[in-house]
1. When ranked by the protection proxy of mean other Cβ atoms within 10 Å per residue, highest first, what sequence do the peptides 262-273, 21-32 form?
2. Is the C-alpha gyration tensor of the stretch 138-178 telling us rounded, prolate or oblate? Criteria: a/c under 1.5 is rounded; beyond that, a/b larger than b/c is prolate, otherwise oblate.
3. Two-decimal Rg/Rh of the stretch 54-165 from alpha-carbon positions, Kirkwood Rh?
4. I want the local charge near Pro17. Using Cβ-Cβ distances under 14 Å, sum +1 for each Lys or Arg and -1 for each Asp or Glu among the other residues.
5. How charged is the neighbourhood of Leu266? Take every other residue with its Cβ under 15 Å from the Cβ of Leu266, and add Lys/Arg as +1 and Asp/Glu as -1.
6. Mean projection of the alpha-carbon convex hull of the stretch 170-239 over all orientations, in nm²?
7. So which trypsin sites (Lys or Arg not before Pro) in the stretch 132-181 pass both tests, a DSSP loop state and at most 14 other Cβ atoms within 10 Å of the Cβ?
8. Just the Cα atoms of the stretch 151-292, one point each, no solvent: what log10 I(q)/I(0) does Debye give at q = 0.08, 0.12 Å⁻¹?
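Values in this text are rule-based calculations from the coordinates and carry no lab data. Since the model is a prediction, treat every value here as computed from it, not as a measurement. Counting neighbours? That spans all protein chains shown, and the Cβs are built from the backbone with ideal geometry, glycine included.
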Amino acid sequence: MHEIDSHTAVCGLLGYPSGHSVSPAIHNTLSEQLGINMVYVPLAVEEDKLGTVIAGADGWKFPGMNVTIPYKEKVIPFCSELDPFAEKIGAVNTLVRQEAGGYKGYNTDAPGLYRALQEEGMDPLDKEVILLGAGGVAKAISVLMMEKGAKRVYILNRTVEKAEKLAEECNRIAGKNLVIPMALSDYKNLTGSGYLAIQATNIGMFPNSDAVVIDDDSFYEKLDAGFDTIYNPAETVFMKKCRAHGKKAVNGLKMLLYQGIIAYELWNNVSVPEKLADQVYEKLCGILGTGK
Ligand code: NAP
């Protein structure tokens with residue numbers, strides 16, 4: 001690690017509680033390997049102090065911060081400007097300090113997922129996509145799928161009203177009827193095949209690792225491949241079921257890695273070489289005791 005001195009730039013993760021995050025490992029490894037004098041720390045902040053903390057960070061010239069639960073939407077009023085994609089989805093996970101002061105809000109979760117999908121040969125271009133979930137991450141993913149040329153997106157959610165609201169918003173943004181809302185059980189009505197399924201609910205996440213959002217084997221027969229946004233456990237039941245039907249399945253660790261790398265690139269105006277990304281990925285697997 002670079003010696004801490006009066007030039008050390010400080011970046012961090014705004015959230016509450018601070019919890020266990022692997023983000024410091026991503027950013028501090030990148031700084032160490034690239035020889036950049038920056039340190040990244042968890043910054044637990046209570047909601048009524050969010051504005052004060054961001055103004056303080058601006059005063060100290062922190063180059064940037066990540067934003068996590070529960071502040072991805074609440075941070076928006078404290079941004080001096082928004083990247084168009086973050087504005088579209090109404091969620092910010094990265095703040096980048098501007099030369100004149102203030103922070104521009106970005107969302108790197110969806111671009112991180114896109115980089116992971118491309119790397120795994122799961123490009124959504126011209127695909128029919130089944131998105132399981134209609135929460136914050138699903139919103140970013142559905143807009144991304146439209147921007148990246150998915151043929152159609154089916155949003156399946158436990159609370160169907162949330163899927164309907166999200167589909168309506170996406171279709172309004174796209175200016176066409178690309179996104180179709182459904183209840184979770186409506187997968188039976190999907191009569192095609194070769195779908196790309198993206199699992200964006202909390203179901204199956206450690207410690208409830210035995211759970212799966214759709215149990216029925218007939219669902220997995222319809223898929224071409226499955227991407228689970230969850231990365232702990234490394235192989236979710238959703239992934240096991242995809243693989244049992246001979247379909248490719250990938251977890252969310254590379255999505256997490258790339259959302260961090262894209263933020264790091266924005267803060268430091270550098271391009272992280274793929275070899276270094278692989279090295280950080282290996283480190284994360286070691287920390288989490290997981291793999292692909
Ligand atoms: P969120 O806004 O709270 O949304 C949760 C979603 O899960 C909703 O669609 C919710 O359905 C559904 N859900 C929760 N419990 C359920 C249950 N018992 N049965 C059926 N559906 C249920 O969460 P989020 O922030 O979008 O996060 C979603 C997932 O993304 C999480 O698994 C998280 O780990 C993952 N994630 C991954 C990364 C990464 O970098 N890999 C980054 C961020 C998030 P209702 O609408 O019906 O409540």
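1. 21-32, 262-273
2. In terms of gyration-tensor shape, prolate.
3. On the Cα set of the stretch 54-165, Rg over Rh gives 1.04.
4. Neighbourhood net charge equals -1.
5. Spelling it out: positives minus negatives among the neighbours equals -2.
6. 5.4 nm²
7. Numbers: sites: Lys139, Lys148, Lys151, Arg152, Arg158, Lys162, Lys165, Arg172, Lys176; in loops: Lys148, Lys151, Arg158, Lys176.
Answer in residue order: Lys151, Lys176.
8. Log-scaled intensity ratios, in q order: -0.27, -0.60.
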